[in-house]
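What follows is a set of notes on a single structure, which appears directly below.
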Amino acid sequence: MTLLRPTSQNGVRMEFTADPELACPIAPVVDLVFSRWTTPILWTLNAYGRQRFVELERRITSITPKVLTQRLRQLERDGLVVRTYHAEVPPRVEYEISELGRSLAPLFAHLTDWSQDNLGRVATAREAYDARASRQDGRAGVPAGRR
């Protein structure tokens, strides 16, 4: 079942569905942008500009070369990263954030502001929850999420 909502602020008609997996209009964006390594790669390319593979590897120290290669290929496929091959000896490949990728900068800025304003509150809520759960279960000292 599809329900129509009146036009949004930008004039686009939004459709809503009873299917929970299709109900959230930002779900595809979350899947695209917020996978484990996508955000650090895009952040690095946005902050430092054009980078060679080894430079990215040095800046994102916990990523393996295999995973970095896979994520860069996917980001290139998605249009968020541009790969430039230079036919030199030795060959040189550089990566940079695309205009489409750059358009995510305001989103990242808002999320940065939100995290600075609220992550302390999240930590406090988790501690309170874990304390309540420990008292209820009689397992003091073991966080509820780790049992």
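Every read-out reported here was derived from the displayed coordinates using simple, explicitly stated rules and does not represent laboratory data. Note that this is a predicted model, so its numbers are computed, not measured.
A simple rule links phi to the HN-Hα coupling: the Karplus curve 6.51 cos²θ - 1.76 cosθ + 1.60 with θ = phi - 60°, which for the stretch 65-73 gives x, 4, 5, 4, 4, 4, 5, 4, 4 Hz, with x for Gly and Pro.
For the stretch 24-98, take the convex hull of the Cα atoms, compute a quarter of its surface area, and give me that in nm², please. Intermediate values should be presented prior to the final figure.
Working: hull surface 21.0 nm².
Mean shadow area of the hull around the Cα atoms is 5.2 nm².
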